Amino acid sequence: MKRILAFVSLFLYLGLSPTSAHVLFESGRSAHRIVVSAEASTTEHYAAEELQYWLQQVGGVKLPIVDERKGTQGKRILIGYGNEVKRLVKAERPKADEQGFVYGSVGGDIYIYGGKDIGTLYGVYTFLENEMGCRWYTKSFSYVPRRKRYEFDKLYDKEQPAFLSRDLYYHDSFDAQWTLRNKTHGRKNTLKTDYGTIQVPSEAFWSVHTFNKLCKPDIYFKRHPEYFSLRGNKRTTDQLCLSNKDVLQICIKSIREVMTKYPYFLIYSVTQNDNQNPCQCKNCRQLVKKYGGESGAMLWFVNQVAAAVEKDFPDKYIGTFAYQYTRKAPQGIQPRQNVVIRLCSIECCFTHTISDCRQNVAFLEDLKAWSRIARHLYVWDYVSTFQQYLLPFPNIPVLQRNLQTFRDNKAIGVMEEGSYDVPGGDFAELKAYLLAKLMWNPDADAEAIIDEFIHAYYGKAAPRMKEYLELVNGLVGKETHLNCQTTIYHGRATYTDDFIIKALAILSKAEKDAESEAIRDRVQLQKIVPAYMQCRVMTKAAVKDGNYDLIKKVAAKYKIDRFAEGGSLKDPKAFYEMMDKVKR
């Protein structure tokens, strides 16, 4: 009897009932091992190492990693689909490129598996997020809760991404580890591990604006000007002549070479150059008339390229733009099954949702029209103003609904393009993290994600930063229509002096609330947004208040070498020269 009472007392001491939970770790000790599938890929070996590392950070215990072939006795965390997972869950092996995953438990064993290329790794990160509370907010700031004990009874989670391709263009998203941990795609990069090199999932497309890459003007224009667009009575290299049969064969040959040399992309781009000057020759005009617009002539051409490569590249796609003059869906022609339409929202208002703004009616109609005829639709969306990165862009409240709209219209991929080529900008770190979560699951709790990020990232300054975010969001009225080319000058009705003064006051208080230099730096990275606005329209006050000096200091610290994507506002040298004259 005493032994039974002692046994019960032990369970009560550990916080368990005799029939319920299993303990993964407690007080720096664990009976579990990480068991890697005998057929594990390089990525799955890395997944095991990542699990080992982060569990050690959380619980202070380093679980050993063993190969499934060297024994599977004892309590285990099974990584990858192997014989033991097959025996435990009796599930079919996922395809290698499957991005979805499953994790769960059987008794005291935990299993995590998905596609061996990337799905299993995504499963490990989601397990660490859901069960341990780990977060990877930026490439330089992670949150790891310290836990004395973790117990579980019955674990189960099965997930698939809403979008096959989740391309995120923010500065942090080009870091390989941040990209993997937040389950996004980005620029082509690699991660070297002890087991080999991991090819980080990249933007699904090979390149953009590719006509002059596939049929190069420096090779062909002098001898064959007829390969290029006719404008008036003159041939130019603006675009290609789509009705020319030789051009078609050249593009087929070129794209084959690209697909052979770079086999890791999913979609290969046959797209118009970045101007609005399509060919005006008689034959091209006939195609436009026959198929109901410029997009019809483009699709007629691209379908032939796709047909030519389909047999040799059955798992790949040819992508083309629905962009500016090709945005409207054609008539009497449909994309082939191996063609992806890359629809661009560049003309939209981004301070209201695409589904509820009168300025977005035409785009929404085009989205729906393409959705009806395209088996594979991809949306290139814009989430920043590219003319002035250091400008509040009050679009956080619309991000979730827009992604839901894209998903509901059968988009297989989304690219969210922000201030990608420099750190900082209007809540850039928050937007990148939020978008990563919503591209995986557009129905996630966006408000909870925002609140969690702000409180973790800004510490004791979080209440002021939330106040500032609400001030920014409050810029949007019914008739506030901002696009991705907005500047403070033509947005003065929105970006008032009163807003600038209030914003600077709130962020100055946030600076004082910051409990560490790191958090003060984060606040100041945000403060240079209204400081830059003040420099542009309240120049003397910006010098007097010290906000111009703040911009110089923060820009130097974070290596911010441009204030816009292009144009005269890009060059900070002219800005500094202007402000230095005022300062003198």
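The values are calculated or read from the model by the stated rules, or taken from the named source; none is laboratory data. Being a predicted model, the structure only gives us computed values, none of them experimental. Positions of Cβ are backbone-derived with ideal geometry, glycine not excepted, and every protein chain shown enters the neighbour counts. Side chains are part of the model used for accessible areas, which takes the heavy atoms of the whole protein and leaves out ligands, DNA and RNA. Shrake-Rupley method; radii C 1.70, N 1.55, O 1.52, S 1.80 Å.
Annotations for the structure displayed:
- Mean residue ellipticity, 222 nm, helices only, the chain: the sum of -39500 (n - 2.57) across DSSP H runs of n ≥ 4, divided by residue count and rounded to 500, is -12500 deg cm²/dmol.
- Trypsin sites (Lys or Arg not before Pro) restricted to region 36-76 and DSSP loop, no more than 16 other C-beta within 10 Å: LYS62
- Share antiparallel - DSSP beta bridges, the chain, percent rounded to 5: 40 percent
- Paramagnetic label reach from ARG562 (point 7 Å along Cα→Cβ; backbone nitrogen cut-off under 20 Å): within region 196-235, residues 203, 207-210.
- Trypsin sites (Lys or Arg not before Pro) within region 271-374, DSSP loop, no more than 14 other Cβ atoms inside 10 Å: LYS311
- Modelled this way, with points 7 Å down the Cα-to-C-beta line, the labels at LYS512 and LYS552 are 2.6 nm from one another.
- DSSP-loop GluC sites (Glu not before Pro) across region 508-573, with at most 13 other Cβ within 10 angstrom: GLU515
- Approximate spin-label separation LYS234-TYR53, in nm, with each point projected 7 Å along Cα-to-Cβ: 5.7 nm
- Stretched out straight at 0.36 nm per residue, the stretch from ALA444 to GLN177 would grow longer than its current Cα-Cα span by 93.9 nm.
- Sorted largest first by accessible area at a 1.4 angstrom probe radius, with every protein chain in place, the residues TRP300, TRP206 fall in the order TRP300, TRP206.
- For region 345-415, the ratio of Cα radius of gyration to the globular rule of thumb 2.2 N^0.38 Å stands at 1.11.
- Extended-chain gain in nm, criterion 0.36 nm per residue less alpha-carbon gap, ALA362 and ASP498: 45.5 nm
- Extension gain, THR480 back to LYS460 (0.36 nm per residue minus Cα-Cα distance, nm): 4.0 nm
- Inter-label distance, VAL66 to TYR264: 3.4 nm, where each label sits 7 Å from its Cα along the C-beta direction.
- Accessible surface, per residue, of the chain when the full set of protein chains is kept, probe 1.4 Å, Å²: 43 Å²
- Its residue count N sets the reference 2.2 N^0.38 Å, and the alpha-carbon radius of gyration of region 166-266 equals 1.45 times that reference.
- Put a plus charge on the Cβ of each Lys and Arg, a minus charge on the Cβ of each Asp and Glu, and nothing anywhere else: the dipole of region 103-150 about its Cα centre is then about 340 debye.
- Both radii come from the Cα set of region 358-497: Rg as radius of gyration, Rh as Kirkwood radius; their ratio Rg/Rh reads 0.97.
- Only helices reaching 20 angstrom along their own axis (Cα) with mean Kyte-Doolittle hydropathy no lower than 0.0 count here, and for the DSSP H runs of the chain these are 245-261, 294-309, 497-513.
- Averaging the Cα positions of each part gives two centres, and for region 444-518 and region 120-185 these lie 26 Å apart.
- Solvent-accessible area, 1.4 Å probe, carbon plus sulfur percent, for region 391-462: 49 percent
- P(r) of region 291-411 over all Cα-Cα pairs, binned every 10 Å from zero, in whole percent: 14, 41, 29, 14, 3
- Structure note, pairs LYS216/LYS245; LYS86/LYS437; LYS437/LYS559; LYS431/LYS527: Cα-Cα distances above 19 angstrom occur for LYS86/LYS437; LYS437/LYS559.
- Prolate/oblate/rounded label for region 427-504 (Cα gyration tensor, a/c 1.5): oblate
- Between THR190 and ASN275, the FRET efficiency estimated from the beta carbon spacing at R0 = 45 angstrom works out to 0.85.
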